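The values are calculated or read from the model by the stated rules, or taken from the named source; none is laboratory data. No experiment lies behind these values; they were computed from the predicted model shown. Glycine also receives a Cβ, built like all others from the backbone with ideal geometry; neighbour counts cover every protein chain displayed. Note: accessible area is taken over every heavy atom of the protein model, side chains too, but ligands, DNA and RNA are not part of it. Shrake-Rupley method; radii C 1.70, N 1.55, O 1.52, S 1.80 Å.
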Amino acid sequence: MAAQLLFLVGTVLLLVAGTAKLRHPAGTAQALRTQGLPGDARLVRALGGAEVLVAAGSLAGLAVAAWASAALYAGFTGFVVLALTRRRPLSSCGCFGEPDLPPTRVHVAVTAALALAAGAAALGPARGLNAALAAPAAQAVATLLVAAVLTGLTLLVLTALPRLVAARHLVRPPIRRTPA
């Protein structure tokens with residue numbers, strides 16, 4: 001159940017990220033080039049299109065799409081690990097096509113968890129939206145609501161948290177002086 005829920009979260013995030021790359025490839029292209037990888041806008045749009053197709057197949061419950069989702073998330077994990085270990089200046093991981101989302105260890109944990117969840121879903125008998133909707137009505141609604149909330153929270157962790165951490169380093173707390 002937990003893997004299926006995370007698989008739904010990962011599928012929606014893949015759809016959002018793919019759509020963003022199709023619309024705004026510059027952030028991802030720059031992130032790739034910074035790490036010495038090919039960073040052509042056409043390549044990024046092709047990746048975005050693949051993400052959208054894999055997400056659609058995953059929502060439909062196709063095992064091959066679940067495997068492809070696992071592979072994509074494993075690739076994203078590898079890219080962020082590469083970026084963090086190379087310590088090259090990287091202002092964006094390119095996840096959502098925006099140029100201002102720095103990669104963090106949290107990205108590694110999230111994408112690795114989503115890769116594992118997709119792999120588990122691929123091995124299971126039921127996956128995707130059909131599996132969630134096949135449950136009794138109350139359970140299906142609860143699953144979709146929890147998946148929506150978790151998707152929103154995960155998106156915030158990947159986008160807003162890095163900004164908050166960066167902003168925290170810009171502001172120094174006031175120095176408290178103790179009376180002598």
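Structural remarks
- Accessible area in the full protein assembly, largest first, 1.4 Å probe, for VAL108, VAL149: VAL149, VAL108
- Counting only Cβ charges, +1 for Lys and Arg and -1 for Asp and Glu, the dipole size of region 1-88 around its Cα centre is about 380 debye.
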